[in-house]
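The values are calculated or read from the model by the stated rules, or taken from the named source; none is laboratory data. No experiment lies behind these values; they were computed from the predicted model shown. Cβ coordinates were reconstructed from backbone atoms using ideal geometry, including for glycine residues, and neighbour counts include every protein chain displayed. Each accessible area value is taken on the protein alone, full model and side chains, heavy atoms only, with ligands, DNA and RNA left out. Shrake-Rupley method; radii C 1.70, N 1.55, O 1.52, S 1.80 Å.
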Amino acid sequence: ESSGFIVVQGALSASQATAARKDAEALRAAGRFAPGGNRGKSMRDDVVCWLSGAEDSVGADLLECGKLLRGVASALERHGYKGSSAHRVPKLLQLSCYPSSSSSRGYARHLDCNLQTVFELGLLGWLRASGNRSRVVTAMLYLNDADWSQRKDGGELRVHHALQWFPQSSGADDQEMGTWRDYTDIVPQGGTLVIFNSRTVPHQVLPTRRRDRYALTCWIFGEAGAPRHASPPASV
């Protein structure tokens, strides 16, 4: 909770991630994806597909990934998460693809919960952003190959945070070396689950190269802060 995010590697096996990605690729081939342009093309260059879990056209492996993500809200309640409360599970999940390209821009730095006022956005912009003001937790599952390479494939999720010291062994005399950084780059290897606070963790997606980058995301709704009494999450 102190860092605002957690990375769970191996939430899916390599074979499960591959099977789910094939389901996603089939949806893309069928024309189910559209540009994710809610913040403008200058901000992001992905294509997205919204899934309810009730579609006959969605493969079984991708549906299982959706069930895993929808279960995150219950896990937060069970483990006494204090960053938010009164969690509500959405009906729709976002399946995204960043096509590989030498001109890829990724997704510029942003928050998943829009906290801007009506005076900052204007009335129309504020109304358009109403759907994400209740977001408190983002749960994201990567469906790429397990051998996804940070150097060759890119597409890292860059999570911004306070300045921290990152130690690194020199390899020569075993003395500790390192660097100060105010971000952490998460490689989107298949089967990796990332969970973070939607209201407080700014992040971005770095440009994707060589291979298309797939992720399934669930935005959990709720109230910021600790609950007075724990209660099971509702569906919305």
Q.
Counting just the Cα atoms, what span does segment 91-154 cover along each of its three principal axes? Round to the nearest Å and put the largest first.
A. 44, 29, 15
Q) If segment 92-201 were replaced by its equivalent ellipsoid, with semi-axes equal to the square roots of 5 times the Cα gyration tensor eigenvalues, what would those be, largest first, whole Å? A) 32, 20, 13
Q) Considering the dipole of the chain built from charges on the beta carbon (Lys and Arg +1, Asp and Glu -1) around the Cα centre, which of Ser103, Ala54, Val118 is farthest to its positive end? A) Val118
Q: Consider the candidate values (i) 50, 37, 36; (ii) 86, 38, 23; (iii) 56, 45, 38; state which one is Cα extents along the principal axes in Å computed from the structure displayed.
A: (iii)
Q: In a Gaussian network model over the chain where Cα atoms closer than 10 Å are linked, find which of Asp182, Asp56, Asp145 has the largest mean-square fluctuation.
A: Asp56
Q: For the chain, with a Gaussian network of springs between Cα atoms less than 10 Å apart, report the residue from Trp165, Trp148, Trp126 with the top mean-square fluctuation.
A: Trp165
Q | Rg and Dmax [Cα atoms of segment 10-110; Å; Rg one decimal, Dmax integer] | A | 15.6, 44
(Q) Give the aspartates and glutamates reachable from Lys82 as a straight Cα distance under 15 Å; neighbours fewer than 8 places away on the same chain don't count. (A) Glu1, Glu223
Q | the chain, helix-only ellipticity at 222 nm - DSSP H runs n ≥ 4, -39,500 (n - 2.57), divided by all residues, nearest 500 | A | -6000 deg cm²/dmol
Q: Could you tell me the largest-minus-smallest coordinate of the C-alpha atoms of segment 1-64 on each of the three principal axes, in descending order and whole angstroms?
A: 41, 35, 20
Q | Most mobile listed residue (Gly83, Gly122, Gly71) in the chain, GNM with C-alpha springs under 10 Å | A | Gly122
**Q.** Val58 accessible area, 1.4 Å probe, all protein chains in place, Å² to nearest 10
**A.** 10
Q: Would you kindly state the longest site-free stretch of the chain, with sites defined as trypsin sites (Lys or Arg not before Pro) in a DSSP loop (not H, G, I, E, B) surrounded by at most 12 other Cβ atoms within 10 Å?
A: 92-227
